[in-house]
Structure formats: C-alpha cells, structure tokens
Amino acid sequence: MNQNSHKSPVAFVTGASSGFGLRTSVALAREGYQVVASMRNVQNKGGLEAAAQEAGVIDRLEVISLDVTDFFAVEMVIQDVINRYGQIDVLVNNAGFAAGGFTEELDIEEWQQQFQTNFFGLVAVTKAVLPSMRERRNGKIINISSISGRIGFPSMGPYVASKFAVEGFSESLRLEMLPYGVYVVLIEPGSYKTDIWSKSIGRVTISPHSAYAKEMNAVLKYVNRVAETAPPPDEVIRKIVEVAKSPAPDLRYPVGRGVKLAIALKNRLPWKWWERMVIKQFHKEKRS
C-alpha cells in the first residue's frame, strides 16, 4: 500500500545510526521529507530516534535494517520502500567506515571489507533506485565522499582508494543519468567531529615490532587531535539539505575549512612540490 498519501518527498539515507547519516535524516525530516533511515543494526537507533523526537519529526521518520554489503537484501529493501511510498526522491549514500594502516601491513581482506561497504555497497543501493528514478525522470543521488576522495594521504590507503572509486563512479553515473533528469552529487567533507574517527582508531593495532610503528603512532595522535578539535558537522548537513532541495545541483561540493584550498593546491602545484609538503607535514607529526 502506498504510505505516501500526503505526497511528501521521500529520502532514503544509509548509515543513519550516527554521524552525518543521523543528522542528515533529522534535517531532511525537518524540511518536510519522509525519511527512511537505514542502518546495519537497528538496535543502534536510539540516538536517531531521540534526535528526531527532540526535533519534533519522529512521525516523518522510519528506521529500517539494511546491511549495504548484503546485495540481495538491498534490492528487496529498496523495492519495498518504493512499493510503500511510491518513490524515492533523494538517496543519501552515507554508509561507510575508515580503515587505516600502511599498505605493507594490511591484509587483503581489510581492503576487501573497505570496498565492500564504501564502494560496492554504495553501488548496490544506487543501482536499486535507478530504474524508478529513470522512469520518473526525477531524483537525486547524494554520495558522501571526502577530501580523501580528491587527495591521497599516507596510512589511509584503503579509505582513500574507496573514496577515489566513489568519485570516479559518481562522475560517470552523473553523465549517464542527467539525460533522465537524475542528478548525481558528491559531498566532499574535510574533518568533522563524527564517530568515524573513534571507530577508525578502534580498528587499528600497532605492533611495536612494525617498521612503521613511529609513523602509525603519529597518525593516531593526529586522528585523536582531530577527533577532539574538529567542528561539528553542521555545515555538511546544511549542504546536503541544500543539494536535496536544489533543482539542478552541481557534481561536487567540497565542504570545510581549508578543503577547497588543499584541492586547488594539489591540482595546480607541480606534483613534487605537493608531495614534499605532505611528507614534511607527516614527519612533523611524527616528531611532535
């Protein structure tokens, strides 16, 4: 049965239990969207429901279970949502995590897990919404990328590679779907206070015998400092809402202090100048 009798626009958000996903779900509901907020484990829905209750939008929020790496379930869930609400107007692909470490010491399984969630999961959810959006000649697919999708950083190979993949996929898909009225958009945040930092730290183990022990300890110190000092992600959420409501959004939206400058420097400086800057900063962290 079509639940969308009031014809509110419908937004589907992945990775909604915390961080950008939680805040985006509440913000879109406040803007009048019917939000279907998905998360791998619905036992973690307490924070989202509390935030929605406080914002007075709990009646515009449905929380469902979805593991984006279960591709069969993705197809079933998306089709069920479309059947019940009539359409999905906005898809926010936010589910993801950050795997860190030096390439030599990372098992190939860690790379596979990173890509299963950050890239293949995103592709699976996107593919599931495309037929409906194409037929309706309307829709927006907002992929949460990162500055790490534009700039490679040492010790973050799996995460960086997965976000570079998201960037390339999104660029190609945008050109495929624009003739059908479907806009594909990349949000590219810098560092913000979200759970991705604490979760990524929790995944890292450092052997004192590692050839990269000093470097990895420097990385963890930097990540800890960012987790403590990074601003809340309010401007990222505002940008996502702005894109969702825009009739014709651009492809890329870098967001955050210094992000546009860093991307411009990387693109315009000779590569050897750029790499010297990055390595110098990295070793400065190691000495601090």
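Would you kindly state how much longer the chain becomes between residue 110 and residue 214 on full extension, computed as 0.36 nm times their sequence separation minus their alpha carbon distance, in nm to one decimal?
Full-extension gain reported as 35.3 nm.
All other residues with a Cβ under 14 Å from the Cβ of residue 56 taken together, and with Lys, Arg as +1 and Asp, Glu as -1, what is their net charge?
Overall, the nearby charge balance is -2.
Please find the FRET efficiency linking residue 49 to residue 273, where r is the Cβ-Cβ separation and R0 is fixed at 45 Å, and quote it to the nearest 0.05.
The computed FRET efficiency comes out at 0.35.
Cross-link candidates for residue 7: which aspartates and glutamates have Cα within less than 13 Å, leaving aside residues fewer than 8 places away along the same chain?
By straight Cα distance, residue 7 reaches 89.
Determine, from the Cβ-Cβ distance of residue 120 and residue 84 and an R0 of 30 Å, the FRET efficiency 1/(1 + (r/R0)^6), rounded to the nearest 0.05.
Rounded to the nearest 0.05, the efficiency is 0.70.
Magnitude of the Cβ-charge dipole of the chain, K/R +1 and D/E -1, about the Cα centre, nearest 20 debye?
Around 1120 debye, computed over the chain.
Could I have the simple spin-label model distance between residue 58 and residue 225, label points 7 Å from Cα toward Cβ, reported in nm to one decimal?
Using points 7 Å along Cα→Cβ, the separation is 4.2 nm.
Cα convex hull of the chain: mean projected area in nm², to one decimal? Numbers along the way, then the final one.
On the way: hull surface 62.6 nm².
The orientation-averaged projected area of the Cα hull of the chain comes to 15.6 nm².
Give the Debye-formula value of log10 I(q)/I(0) at each listed q (0.13 Å⁻¹), with one equal scatterer per alpha carbon of region 95-202, two decimals each.
Once normalised to I(0) and log-transformed, intensities are -0.51.
Of 163/266; 193/221; 45/221; 193/239, which sit over 20 Å apart, Cα to Cα? All intermediate terms of the calculation are to be shown ahead of the outcome.
Details: 163/266 17 Å; 193/221 15 Å; 45/221 30 Å; 193/239 16 Å.
In this structure, 45/221 lie more than 20 Å apart at Cα.
Which net charge results when you count Lys and Arg as +1 and Asp and Glu as -1 among the other residues whose beta-carbon is under 11 Å from that of residue 243?
Details: positive: 140, 238, 239, 245, 252; negative: 242, 250.
So the environment of residue 243 carries a net charge of +3.
Full extension from residue 153 to residue 175: what is 0.36 nm times the residue separation minus their Cα-Cα distance, to one decimal in nm?
Extending this stretch completely gives an extra 5.1 nm.
Is there a quick way to get the dipole size of region 106-173? I mean about its Cα centre, with the Cβ of Lys and Arg at +1 and of Asp and Glu at -1; what is the value in debye to the nearest 20?
Dipole size: approximately 520 debye.
Anything in the chain that counts as a DSSP H helix reaching 20 Å or more along its axis (C-alpha) with Kyte-Doolittle mean of at least 0.0? List them, would you?
Qualifying helices: 71-85, 122-136, 157-177.
Taking neighbour counts of Cβ atoms within 10 Å as a proxy for exposure, in what order, fewest first, do 80, 89, 70 appear?
Lowest count first: 80, 70, 89.
Take the alpha carbon atoms of region 83-146, find their center, do the same for region 3-48, and report the distance between the two centers in whole angstrom.
16
Each value in this text was obtained by applying a stated rule to the coordinates, not by laboratory testing. Please read these numbers as outputs of a predicted model, since none were measured by experiment. Backbone-built Cβ (ideal geometry, glycine too); neighbour counts: all protein chains shown.
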